[in-house]
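In what follows, a single structure is set out as structure tokens and then discussed.
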Amino acid sequence: MSVPKPPRPRAIVLGCAGAVLSAEESDLYRRADPFGFILFRRNCETPQQVRDLVAAMRESVGRPDAPVLIDQEGGRVARLRPPHWPKHPPARTFGELAERDRAVGREAAWLNGRLLAHMLADVGITVDCAPVCDVPIEGAHDVIGDRAFSRDPALVAELARATCEGLVAGGVLPVVKHLPGHGRAFADSHAELPVVDAARTDLEATDFAPFRDLADMPLGMVAHVVLKTVDPFRPASTSPAVIADVIRGPSIGFDGLLFSDDLSMGALSGDAGERTHAVLAAGCDVALHCNGVLAEMVQVAEAAPILSYAAAQRWARAQAMRGVPEAVDAEALRARLDALLTPAA
């Protein structure tokens, strides 16, 4: 394998195939030195097994602070599940609660974020690919669905911020997604490339709005969605126009670290190396590869440069936000959250 170890981490996040690292995976990680790692359901069996896997990943690159990511939104997108981990509701639950009582909805979203962080930090996970800040429209594909807080952009931003603050309070960094908006997509980007032809004014007023309100967040994820009025040919994740003019530009103004969405999704074309080059050349800071297929990870590593100086600075700012969490009574927090979510008799 022709990937020499770089002087700084490569601008990639890699997954793995199972519950323990293979010798081949450990060797690839050691040589390629990815920026970080990501876990999926296939990687999570018990709390101690996850702790051991996370420790092995970090040991392979010799960086005890290497970020380990997971998609733990709640609802149907949860990699840690019962019986070993508690179930959390989907984002829509908090939106419906906030529609009845705004303050109660915000408190519940914060508590949910804090409890998610408590669960993740316990096994060594430091980054949660949540919350979803997309604004779904009537008839859109259900790939977002109840993962979104609301169809009201202002309410989405409000509850997403509360969730982010709860995560950060628990020592876990949030990733706002899917910039600059996946809510209008009529296709699932896991399987095919969605194309959105809405007017720029409509995108500015709805899709971009929550991300604009959350532009101070440390980490974001870019969608594999074509916005025809910005770039009719390329999805946001491979479009310099979308990243520079919309995400980094005045439409949103986001200056946190940008991850691509998963390179192995069906929305993208080309081999894994070509996809890696495309998202990084477009302006993503880090390419995310999730399926754990070793041959593809080798291609990703061979195609990826080291983390840029600008990206390293963004990561340093993100880490500075993640303080040491204060000790909490998780059972008391969960009891309070359950009380807020339980309708009055």
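Of everything listed in (1) farther than 14 Å from residue 73 by Cα; (2) out of contact with any helix residue (DSSP H, G or I) (no Cβ under 9 Å at 6 or more places or on another chain); (3) outside any loop (DSSP other than H, G, I, E, B), the single unmet condition for residue 138 is (3). Of everything in segment 177-211, what is at pLDDT 90 or above, surrounded by fewer than 18 Cβ atoms within 10 Å (Cβ to Cβ) and of a type in the set (D, E, K, R)? Give them in sequence order. Of everything in segment 177-211, those that are at pLDDT 90 or above, surrounded by fewer than 18 Cβ atoms within 10 Å (Cβ to Cβ) and of a type in the set (D, E, K, R) turn out to be 197, 200, 202, 204.
Taking the conditions exactly as written (of a type in the set (A, V, I, L, M, F, W, C), closer than 20 Å to residue 267 by Cα and part of a loop (DSSP other than H, G, I, E, B)), does residue 230 satisfy them or not? Answer is yes for this residue. Test residue 66 against the criterion of being small (Gly, Ala, Ser), more than 24 Å from residue 144 (Cα to Cα), over 15 Å from the mean Cα position of the chain (by Cα) and not in a strand (DSSP E or B), and give yes or no. Spelling it out, residue 66 is indeed small (Gly, Ala, Ser), more than 24 Å from residue 144 (Cα to Cα), over 15 Å from the mean Cα position of the chain (by Cα) and not in a strand (DSSP E or B).
Check segment 99-117 and report whether any residue there is buried (at least 21 other Cβ atoms within 10 Å of the Cβ), under 26 Å from residue 319 (Cα atoms) and aromatic (Phe, Trp, Tyr). Yes: one or more hits.
Contact map, segment 146-170: residues that are closer than 9 Å to residue 95 by Cα paired with residues that are assigned to a loop (DSSP other than H, G, I, E, B) and of a type in the set (Gly, Ala, Ser), Cβ distance under 6 Å, separation 6+ or inter-chain. Pairs shown: 156/150. So for segment 197-206 (the condition being in contact (Cβ under 8 Å) with a residue 60 or more places away in the chain and part of a helix (DSSP H, G or I)), does at least one residue qualify? Within segment 197-206 (the criterion being in contact (Cβ under 8 Å) with a residue 60 or more places away in the chain and part of a helix (DSSP H, G or I)), the answer is yes, since at least one residue qualifies.
Does residue 121 fit the bill of being over 13 Å from residue 211 (Cα atoms), out of contact with any Asp or Glu (no Cβ under 6 Å at 6 or more places or on another chain) and assigned to a helix (DSSP H, G or I)? The answer is yes for residue 121. Of the helices (runs of 4 or more DSSP H) that lie entirely inside segment 267-345, those containing 1 or more residues that are surrounded by fewer than 21 Cβ atoms within 10 Å (Cβ to Cβ) and among the acidic types (Asp, Glu) span 272-282, 294-303, 330-341.
What residue, among those in segment 45-73 that are surrounded by 21 or more Cβ atoms within 10 Å (Cβ to Cβ) and out of contact with any Lys or Arg (no Cβ under 8 Å at 6 or more places or on another chain), is nearest to residue 20 (Cα to Cα)? So the residue we want is 53.
The values are calculated or read from the model by the stated rules, or taken from the named source; none is laboratory data. Remember, predicted model here, so these are calculated numbers, not experimental data. With ideal geometry, Cβ positions are generated from the backbone for all residues, glycine too; neighbour counts draw on all protein chains shown.
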